[in-house]
Amino acid sequence: MIGFDVAVIVLAILAILVLFAGIKTVPQGYNYTVERFGRYTRTLQPGLNVITPFVERIGARMNMMETVLDVPSQEVITRDNATVTANGVGFYQVLNAPQAAYEVNNLENAIINLTMTNIRSVMGSMDLDELLSNRDEINERLLRVVDAAASPWGVKITRIEIKDIDPPRDLIDSMARQMKAEREKRATVLEAQGERESKILRAEGEKQSRILEAEGRREAAFRDAEAREREAEAEAKATALVSAAIGQGDVQAINYFVAQKYIEALAQFAHSPNQKTFLMPVEASAAIGALGGVAEIAREVFSRDGRDAPARPHGAPGRVPPVPP
């Protein structure tokens with residue numbers, strides 16, 4: 001009985017051990033591959049799973065969550081022969097556990113080396129200026145190339161980012177001098193453009209001022225000419241009226257005309273710049289006498305046709321018959 005009891009106990013322990021060997025628990029975010037005699041047969045999903053003890057075993061434990069990879073720094077020669085140091089970071093996720101486990105050895109190392117190789121290829125095909133200003137384009141090209149290359153491994157490359165691009169110190173100093181020169185050039189150009197626009201505006205202002213001044217002079221000349229024309233018309237009209245009056249024998253008209261010219265001559269003498277002394281009042285009797293003499297001459301002229309005209313007192317008004325043509 002004692003031997004039988006020991007055998008039962010041993011069998012029970014073996015059964016428990018076999019049961020525990022066949023029950024596998026897969027945590028969330030992982031997939032386990034199952035191998036039967038070294039050959040892949042199936043994939044265990046998260047949760048409680050059962051395998052055949054001693055026949056099947058767990059092959060690879062694959063992490064199905066998105067994983068971060070640091071891409072080490074490396075030197076890259078650009079298209080214009082500038083040497084820079086670049087590093088980055090990559091993100092990938094396993095979509096197919098059997099492919100990730102059996103299509104490539106050391107998946108993370110393979111992705112890192114693939115990324116570094118394509119960084120050299122992509123960045124080496126660009127100039128330094130493009131390299132420093134087009135990081136988004138570099139990231140997009142890297143992601144597209146690396147994702148296509150890693151697709152047979154059952155891996156999805158979700159993102160690749162370039163972290164640092166470090167040119168040599170002497171190249172940084174040259175870039176700083178170039179940037180300073182470019183900014184000074186822009187400042188000089190802007191200053192020259194400002195001076196040019198200022199001169200243009202000043203010239204436009206002077207042009208408009210001269211145009212307005214010329215228009216003012218033209219308008220003033222037109223007004224002066226119009227005034228002189230009106231004055232000449234008035235003078236001509238007055239002369240015509242005096243001539244008509246003289247033609248009709250009106251001695252008073254010629255007296256008025258001669259007296260007006262006499263007074264205007266006196267006014268011109270008074271305003272002459274060469275006249276230093278002018279004595280006033282002028283003897284009016286001489287002027288009246290002169291007018292009377294002129295009247296007598298006119299009377300004699302108008303009476304030459306043989307008509308006898310009665311003598312009139314000096315300076316008295318009278319009418320003289322018109323001279324026949």
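The values are calculated or read from the model by the stated rules, or taken from the named source; none is laboratory data. Everything quoted here is computed from the prediction, not taken from an experiment. All Cβ positions, even for glycine, are placed from backbone atoms using ideal geometry, and neighbour counts span all protein chains on display. These area figures cover heavy atoms from the full protein model, side chains too; ligands, DNA and RNA do not enter into them. Shrake-Rupley method; radii C 1.70, N 1.55, O 1.52, S 1.80 Å.
Residues whose amide H falls under 5 Å from that of residue 44, counting only those 5 or more places apart or on a different chain, are 32, 33, 34, with hydrogens built in the peptide plane.
Restricting segment 69-146 to trypsin sites (Lys or Arg not before Pro) that sit in a DSSP loop and have at most 16 other Cβ atoms within 10 Å of their own Cβ leaves 79. In summary, the aspartates and glutamates within cross-link reach of residue 261, defined as a Cα separation below 15 angstrom excluding same-chain residues under 8 places away, comprise 235. Modelled label positions at residue 50 and residue 140, each set 7 Å beyond Cα in the direction of Cβ, lie 5.4 nm from each other. Computed with a 1.4 Å probe on the full set of protein chains, the accessible area for residue 157 sits at about 10 Å².
Ordered from longest to shortest, the equivalent ellipsoid semi-axes for segment 111-237 are 79, 20, 7 Å, each the square root of 5 times a Cα gyration tensor eigenvalue.
The heavy atoms of residue 115 offer some 10 square angstrom of accessible surface to a 1.4 angstrom probe. Across segment 48-69, the residues whose backbone nitrogen lies under 20 Å from the label position 7 Å along the beta-carbon direction of residue 21 are 49-60. Sorting 77, 2 by solvent-accessible area of protein heavy atoms yields 2, 77, largest first, with a 1.4 Å probe. For segment 68-143, averaging the sequence separation of C-alpha pairs within contact (under 8 Å, six or more residues apart) and dividing by the residue count gives a relative contact order of 35 percent. Applying 1/(1 + (r/R0)^6) with R0 = 25 Å to the Cβ-Cβ distance of residue 73 and residue 95 gives a FRET efficiency near 0.25. When peptides 62-69, 146-153 are ranked by their average number of other Cβ atoms within 10 Å per residue, the highest-first order is 146-153, 62-69. I want to make sure I understand the PRE zone here: with the label point 7 angstrom from the Cα of residue 66 toward its beta carbon, which residues in segment 24-58 have backbone N atoms less than 18 Å away? In segment 24-58, the label zone of residue 66 (backbone N under 18 Å from the point 7 Å along Cα→Cβ) covers 29-30. Peptides 31-37, 198-204 ranked from most to least packed by the mean count of surrounding Cβ atoms within 10 Å: 31-37, 198-204. Only Cα pairs under 8 Å and 6+ residues apart enter the sum, and on that basis the relative contact order of segment 1-155 stands at 18 percent. Here is the list for segment 54-147: chymotrypsin sites (Phe, Trp or Tyr not before Pro) lying in DSSP coil, each with at most 14 other C-beta atoms within 10 angstrom of its C-beta, are 54. Computed with every protein chain present, the accessible area of residue 186 is close to 140 Å² [probe 1.4 Å]. Site pair residue 201 and residue 103 shows an inter-label distance of 6.8 nm when each label is modelled 7 Å from Cα along Cα→Cβ. Taking θ as phi - 60° and the Karplus parameters 6.51, -1.76 and 1.60, the scalar couplings of segment 40-48 work out to 5, 10, 7, 10, 8, 8, x, x, 8 Hz in sequence order, x denoting glycine and proline. Here the calculated FRET efficiency for residue 214 and residue 235, from their Cβ-Cβ distance with R0 = 41 Å, stands at 0.85, rounded to the nearest 0.05.
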